[in-house]
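First the structure, in the form of structure tokens, and then the observations on it.
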């Protein structure tokens, strides 16, 4: 990618990398704040339900005691018992006897019959409630009068809501879910939207954000009651600010770090591209040769030309720069240098054997470049050899990267160059590649050679590759041979040629020439 577009892309990515962590930290702070407010609202509603259940248990105990005391109804002894039940309860303000719509007597000591009117509602458990009930000349104010099984109890709903909610501004309500209009038993001051009282499942809780409020529901598992808490969303914003104080600076630091990393990598890659171009101009690339041997005799019959980059006293392997070189377009210059080195060195090898073959690696970019064929023809002319002395090596990716590559392969084979597929089996298009392009050699990747004699899950793949090559009548070269066991295994299965550290590491042309001379008359070491 050219410098300016790369810098522009890096700038955009860097900005996004800076903004994204901040935005995520704000979103995280918001989510945490909403979750915190919902938890607070749920806690408030759960407390209302808990108090209501305590009041219900106290009422139930009063019913049980009064209906089993064996005392004359409304006698002084029973009224005294009512008074003890009243005083021993947290939420019952009065306990009495009731018959129909008439209060017969109460823990206040009254025995005058009082008409209490019809019930406001009847719960699903059969208990009757009279809301906003006012009793006595001085009275309790408005209370809820509960009646069941001939017993009455007055409950001041305000006691159910009377707990500290701090500065949250919470509004609370207690409703009867089974009633047709979800009747409110008690509610604190403030407006309530009727939609907030839609009941939830028994024993469940639920919270959600509704405009400017956090609504929380908690429904009792045993009783026909449900509490609703309403908290203004300003609590959320207050919590957002609290979380933001912590998380936004962290997001800023992460964003700055990511943006710096993107820009640094971009500049580094840009700098490395410049260094690659300068290295190509200054002939800082050179070639080493890894010998290719006839496995049975160990005779050196060829070599693979491997490019190296010398920077000062350091030699850099191609794995560190070939990808960027191809991406930036420098690869064609590097390949040109390799071809020139081979053209210079090949005559020394041909003096030893006219059939000596040198393999040169080509990328997809090289195979699409019109000058590649011309440069190879010039190599042959300068070296005094023939096209049969050169092997064009390409990976699966290079061989299937468009019609230009296929056309270049066809042209080179017509000129007499041999074509090899490198690293076979490591990609996804191996079979389609072999079916669509005429080839001469197949190189078995080191990854599969390494599995020979092991229990690896891919140990059988090498056998399938050998069978495929045989069926297509391709010459096989195994890469990465490091042990005699591997060499014998491959030879016994028809692989004639190999390369790897067992035979020799990449070396200079001088050492390759010496090795080739020493093995020229070699006899079979391993029976075929």
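Read-outs throughout are calculated quantities, based only on the coordinates presented, and are distinct from any laboratory measurement. None of these values were measured; they are calculated from a predicted model. Here Cβ is always computed from backbone atoms with ideal geometry, including for glycine, and neighbour counts include all displayed protein chains.
Side notes on the structure shown:
- Theoretical gain in end-to-end length, residue 282 to residue 64 [0.36 nm per residue, Cα-Cα removed]: 68.1 nm
- FRET efficiency estimate (nearest 0.05) - Cβ-Cβ, residue 438 to residue 382, R0 30 angstrom: 0.65
- Segment residue 461..residue 124, full-extension length gain: 114.1 nm, with 0.36 nm per residue of separation and the alpha-carbon distance subtracted.
- Order of 355, 156 - criterion: other Cβ atoms within 10 Å of each residue's Cβ, fewest first: 355, 156
- Sorted from longest to shortest, the spans of the Cα atoms of segment 86-223 along the three principal axes equal 52, 32, 25 Å.
- Percent of Cα pairs in segment 325-396 per distance bin of 10 Å, from zero to the largest separation: 20, 54, 23, 4.
- For segment 321-381 versus segment 444-519, the gap between their alpha-carbon centres in whole angstrom: 23 Å
- Dividing the Cα radius of gyration of segment 285-519 by 2.2 N^0.38 Å, with N the residue count, gives 0.97.
- Among 476, 408, a tally of other beta-carbon atoms within 10 Å of each Cβ gives an order, fewest to most, of 476, 408.
- Separation in nanometres of the label points that stand 7 Å from Cα toward Cβ, at residue 324 and residue 403: 3.6 nm
- Residue 313 paired with residue 454, simple spin-label distance in nm, labels 7 Å along Cα-to-beta-carbon: 3.6 nm
- Computed lengthening from residue 514 to residue 149, 0.36 nm per intervening residue step minus Cα-Cα distance: 120.0 nm
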